[in-house]
Amino acid sequence: MSEKYLLEVKNLTKRFPIKGGLWGKEVGSVKAVNDISFKIKKGETLGLVGESGCGKTTLGRSILRLIEPTSGEVLYRGEDILKYNEKKMRDMRRKMQIIFQDPFASLNPRMTVGGILEEPMHVHKLFNSSAERTKRLHQLLDYVQLPKDALNKYPHEFSGGQRQRVCIARALAVEPEFIVCDEPVSALDVSVQAQVVNLLMDLQKELKLTYLFIAHDLKVVEYISDRVAVMYLGNMVEVAESHELYGDSMHPYTKALFSAIPHPDPNGKQERILLEGDIPSPMNPPKGCHFHPRCWKAVDDCKMSYPPVYDKTSSHQYRCFNPMN
């Protein structure tokens, strides 16, 4: 693997068994993540978008082994961390962190902010003296622009945006290189979202961080991401540099998804693509391309087999037999 890639995911699959009957036997399965491969360069942000339930969060958590993948490889600096034992994986968690979606649910209401930020330091035995630890706590608060007296307060004393800043500080406490941002602004007011996104971008430059940024808001993803990947029903259907994907997408689903972005000029031309039908069940996905029952460009091949990966350019890949261009 080239040294410029910090993370490389190969053929990652996560299958959840479905059990039923009197004895709880497995009667089926849900492939929440299906044979996904991609790479993330050091210092870049890869945005991940798609409809609710398409597997974005499962993918992010599987990479960190918060959920154990069913198969595949996750190469971090060239080493497959899925083969690590518990002790080695615990050491690896210093380098890989996550910011959860809901700042209200992801902070322990019985712990002060100081206790929340100290906990990962204790787990990884980072500082020997209380003076060093206090200095680090103050540095973390400076990073996320919170006052020093926040250390003695509890999560319920803060607004949603401030709580998410605490969550960001907690992720930074162990000096990670890679952070999965799992919809970090979706639970916040629109006025606060921009502040948190700009904070994440500033921290990335200052601390040389690498992000996997999962979100629903397509404009936020376009703003923060260097490259963007699109998921549909557990599969990655297109990935490209942000400006290229938003300006010249190839997959019909990507085109339909981006057509839903509100236009700043209400009188401006905006072709809205309305998809017919519902998202198929992940328990019983359609044969061939999973998108073909809703696709207006589907051909016979789409119904028979899943499309391979096609290269538009070296940085733009898509899976479609009958692309937009």
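Numbers for the structure displayed
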quantity	calculated
Test: PRO282 is within 23 Å of PHE16 (Cβ to Cβ) and not basic (Lys, Arg)	yes
Flag if GLU183 is of a type outside the set (S, T, N, Q) and crowded, with 17+ Cβ neighbours inside 10 Å	yes
Positions within segment 74-87 being over 17 Å from the mean Cα position of the chain (by Cα) and surrounded by 12 or more Cβ atoms within 10 Å (Cβ to Cβ), in sequence order	ARG77, GLU79, ASP80, ILE81, LEU82, TYR84
Selection count where residues are farther than 28 Å from TYR76 by Cα and in contact (Cβ under 8 Å) with a residue 24 or more places away in the chain, scope segment 1-47	3
Tabulated pairs, segment 129-140, first in contact (Cβ under 8 Å) with a residue 24 or more places away in the chain and within 13 Å of GLY115 (Cα to Cα), second basic (Lys, Arg) and surrounded by 12 or more Cβ atoms within 10 Å (Cβ to Cβ), C-beta under 6 angstrom, 6+ apart or interchain	none
Odd one out for GLY43 among (1) more than 23 Å from VAL230 (Cβ to Cβ); (2) not hydroxyl-bearing (Ser, Thr, Tyr); (3) not in a strand (DSSP E or B)	(1)
Test: LEU46 is at pLDDT 95 or above and in contact with a helix residue (DSSP H, G or I) (Cβ under 9 Å, 6 or more places away or on another chain)	no
Those helices (runs of 4 or more DSSP H) lying entirely in segment 184-268 with at least 1 residues over 18 Å from the mean Cα position of the chain (by Cα) and under 22 Å from GLU51 (Cβ atoms)	190-207, 242-247, 252-259
Scope segment 149-183; condition more than 20 Å from the chain's Cα centre (by Cα) and of a type in the set (Phe, Trp, Tyr); matching residues	TYR154, PHE158
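The values are calculated or read from the model by the stated rules, or taken from the named source; none is laboratory data. Worth saying up front: this structure is predicted, and the values here are computed from it rather than measured. We place every Cβ from the backbone using ideal geometry, glycine too, and count neighbours over all the protein chains shown.
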